[in-house]
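Student: Handing you this structure, nothing more for now.
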Amino acid sequence: MKTTRIILSISFLLLFPLVLKAQHKYEREYRIKSETIQQSAQEFIDSIGSDSKIKWYKEISLNDITIEAKFKHDKKKFSIEFDTLGILQDVEFVIKKREISSAVYNKIEHKLDSLFQKWKFQKIQTHFKGRNKDIITSINNNEPTASIKVSYEIVLKGKALGNTQLYEITFNEQGEIRGILQIIQDKADHLEY
Amino acid sequence: MNIRIKLLLVFFILISSKDICAQTQTRIGFLPSINYNHEINKVWEVNFKFESRHFVFDKSTSQSGVFKYKYSLSDVSALVGRKVGLNSKVVLGVLTRMEPDAVSYRTIQQFIFQNKIENFRVAHRIASDQTFSSTEPTEFRLRYRFSAEIPLSGLIVDVKEFYFKFNTEALNSIQDNEYDLELRAVPNIGYVINEQNKIELGLDNRFVSFIDNQTRFTSWVTINWFL
């Protein structure tokens, strides 16, 4: 998540009682020019046929460097990640909760109710993983093909043990929880004082 | 035109806006500050600030401007903040104002909340304060400040990156049954030195005595160090 600087990893199995390991997430991103983008990445984005301006970013983390394209397509905010060779890594786009099938949504809701006393969505993103061709088809049809691996990344405000925090929770296509991160927000003393 | 270029243009227009104020009393000075913030735990934090004012230029309506250094005052404040929501806090504190021939005291109450609009981080501050002095009647103020931070590279402000910050504030005051209004516009360019330290250079433009009185314009060159 780009809104975060430091994220504490928490085991989703041992959700609140045990914080297994605290990690500092190092990430930097820069805007880069489209001329510097690998042709394969450029072609993939072109094949989606978005009318909006494509903004390219280079993202540097401790483990790797990725190239990210951000744009709007079909009224959805897309973020598509490539490695430095232009090979597709991840496709994510913002959706509304009603776009999740009701059976899966009910499962997610049930899980969130069990984890938090109170919770509220901030953002829901769908992730597509699969072959380039299938991803393009899925985006164009607004429906993932059978070969696409779908997951949901949810950012929410959750109250647990009387404490309200921001969380990033990942669910698989069946609505089973796959990961939970507590988001530590950046210091904002220069805005507040 | 890129939004950041537009904002930088606004910044430079504000810098050159002093000519607009040819008819008002205009003062220019330096306003350095050190701002130390410490999180005691997840809920409580303390903030200490030292700020001093130094005039270098003074021009009243009847005479031409004079470049002359003059020390004005120093403020020392101590605030205690308590988180009341994910992005909101209540802050209480005191400030001591030390002038060459007088000392005054201020009590401060603030409610601050922040959110994010796309790449902009914004904060709202609703505050009241009361200034007590042995030489003047107590002054009561009610103020609202809006602050926005815009990264100048990438989507968020990282270490060793610059940002643009803009504060604007409206201050209502009542002193001795006289109401007054002050408006402030403060563009800043900031730099994140490391996780703990930020430095900002800006212009604190203040239009004082909007109602009834002779409007006074003061422009401070601010240098803020947040640690």
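The values are calculated or read from the model by the stated rules, or taken from the named source; none is laboratory data. Since this is a predicted model, take the numbers as computed values, not measurements. Note that each Cβ is placed from the backbone with ideal geometry, even for glycine, and that neighbours are counted across all protein chains shown. Ligands, DNA and RNA are stripped out before the accessible areas are found, and what is left, the full protein with its side chains, is counted by its heavy atoms. Shrake-Rupley method; radii C 1.70, N 1.55, O 1.52, S 1.80 Å.
Student: So the check is Cβ under 6 Å with 6+ separation or different chains; which pairs have a first residue in the range A:99-118 that's open to solvent by 30 Å² or more (accessible area, probe 1.4 Å) and a second one that's not hydrophobic (A, V, I, L, M, F, W, C)?
Tutor: Pairs that qualify, where the first residue is open to solvent by 30 Å² or more (accessible area, probe 1.4 Å) and the partner is not hydrophobic (A, V, I, L, M, F, W, C), are A:LYS107/A:GLY175; A:GLN117/A:LYS159; A:LYS118/A:LYS159.
Student: List every residue pair whose Cβ atoms lie under 8 Å apart, where the two residues are 6 or more positions apart in sequence or sit on different chains, the first residue falls within the range B:190-202 and is on the phi > 0 side of the Ramachandran plot and open to solvent by 60 Å² or more (accessible area, probe 1.4 Å), and the second residue, located anywhere, is assigned to a loop (DSSP other than H, G, I, E, B) and among the aliphatic types (A, V, I, L, M).
Tutor: none
Student: For the range B:136-148, what are the residues that are touching a Leu at 6+ places or on another chain (Cβ under 6 Å) and open to solvent by less than 20 Å² (accessible area, probe 1.4 Å)?
Tutor: Of everything in the range B:136-148, just one residue is touching a Leu at 6+ places or on another chain (Cβ under 6 Å) and open to solvent by less than 20 Å² (accessible area, probe 1.4 Å), namely B:SER147.
Student: Looking only at the range A:128-166, count how many residues are part of a helix (DSSP H, G or I) and open to solvent by 50 Å² or more (accessible area, probe 1.4 Å).
Tutor: 5
Student: Something else now. Looking at the range B:168-184, is at least one residue in contact (Cβ under 8 Å) with a residue 60 or more places away in the chain and either part of a strand (DSSP E or B) or not polar (S, T, N, Q) (or both)?
Tutor: No, the range B:168-184 has no match at all.
Student: Which one of these does A:ILE154 not meet: (1) at pLDDT 90 or above; (2) within 14 Å of another protein chain (Cβ to nearest Cβ); (3) within 16 Å of the chain's Cα centre (by Cα); (4) within 25 Å of B:PRO151 (Cα to Cα)?
Tutor: The single condition A:ILE154 does not satisfy is (2).
Student: Moving on. Please go through the range B:54-83 and give me each residue that is within 22 Å of the chain's Cα centre (by Cα) and of a type in the set (Val, Ile, Thr), ordered by number.
Tutor: Answer for the range B:54-83, where residues must be within 22 Å of the chain's Cα centre (by Cα) and of a type in the set (Val, Ile, Thr): B:VAL56, B:VAL76, B:VAL80.
Student: Continuing with this model, one more query. Kindly list, by first and then second residue, each pair from a residue in the range B:143-163 that is within 18 Å of A:GLN185 (Cα to Cα) and at the interface with chain A (Cβ under 10 Å from one of its Cβ atoms) to a residue that is open to solvent by less than 10 Å² (accessible area, probe 1.4 Å) and of a type in the set (Lys, Arg), limited to pairs with Cβ atoms under 8 Å and residues at least 6 apart or on different chains.
Tutor: Partner pairs satisfying both residue conditions: B:SER147/B:LYS165; B:ALA148/B:LYS165; B:GLU149/B:LYS165.
Student: Evaluate the following for B:SER77: is it at pLDDT 95 or above and within 12 Å of another protein chain (Cβ to nearest Cβ)?
Tutor: yes
Student: Tell me the strands (runs of 3 or more DSSP E) entirely within the range A:48-97 that contain at least 1 residues that are without any contact (Cβ under 8 Å) to a residue 24 or more places away in the chain.
Tutor: Strands (runs of 3 or more DSSP E) meeting the threshold: A:65-73, A:76-83, A:88-95.
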